[in-house]
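Any read-out appearing in this document is the output of simple, stated calculations on the displayed coordinates, not a laboratory observation. These numbers come from a predicted model, not from an experiment. Ideal geometry is used to build each Cβ from the backbone, glycine not excepted, and the neighbour counts take in all protein chains shown.
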């Protein structure tokens, strides 16, 4: 299967600061990347879909000004959590799809803790 | 509202037994179906994909799809303790703004005991 990396794997930040998470496709070109959030003992919730070179499409209820997504190349997408608050603490996972978007390959995830 | 429902767990089976995981989905337009395995604290790992009616086998795993009944299942033969994880059913809806998106079920926790 295709390989997706994420960095950092975990991060602790103070309330009010911003955090950037990187998602890279290592052995394929990800025309589409997806960002998910997972709270403890819950399933994955899609936050947004990003396509290379265009604006991300956010799911209903996700604040686009708070969760900034950039997909500047076919191998890199970034998620910036701006003005983070404790309720933003979660497991953030990205996934990538190549020319066939049907199969998605997940990165290892980033655990964010906001104190 | 497109929904994906999985049989409530947790599911506990003895080592060597067959584990059966079930999933139903609400949208008849769905085209692609996936099973992911997620270990605690880790991200999901794709273990099976199925696109057409019938069975698809890969090692100890068999996915079954019945589009008429809007039902997809995963069988794990000769279950091992290392199979203990949460299994997520995911459906790819086709068309419009949903193209390429996956909708996940709530997951079924499987425990394989020695």
Sole miss for residue B:31 among (1) buried (at least 17 other Cβ atoms within 10 Å of the Cβ); (2) within 26 Å of residue A:30 (Cα to Cα) is condition (1)
Residues of segment B:17-65 being touching a residue at least 24 places away in the same chain (Cβ under 8 Å), more than 19 Å from residue A:46 (Cβ to Cβ), part of a loop (DSSP other than H, G, I, E, B) and in contact with a strand residue (DSSP E or B) (Cβ under 9 Å, 6 or more places away or on another chain), which ones? B:17, B:18, B:39, B:40
For segment A:12-41 the number of residues that are crowded, with 23+ Cβ neighbours inside 10 Å and not in a strand (DSSP E or B) is 1
What are the residues in segment A:70-104 that are assigned to a strand (DSSP E or B) and surrounded by fewer than 22 Cβ atoms within 10 Å (Cβ to Cβ), if any? A:70, A:72, A:73, A:76, A:78, A:80, A:90, A:91
Which of the residues belonging to segment A:89-106 are within 14 Å of chain B (Cβ to nearest Cβ) and closer than 25 Å to residue A:14 by Cβ? A:90, A:91, A:92, A:93, A:94
So, residue A:86, is that one touching a residue at least 40 places away in the same chain (Cβ under 8 Å) and within 11 Å of chain B (Cβ to nearest Cβ) or not? no
Please tell me if residue B:100 is within 11 Å of another protein chain (Cβ to nearest Cβ), part of a loop (DSSP other than H, G, I, E, B) and surrounded by fewer than 17 Cβ atoms within 10 Å (Cβ to Cβ). no
Every listed condition ((1) in contact with a strand residue (DSSP E or B) (Cβ under 7 Å, 6 or more places away or on another chain); (2) over 22 Å from residue B:89 (Cβ atoms)) holds for residue A:63 save (1)
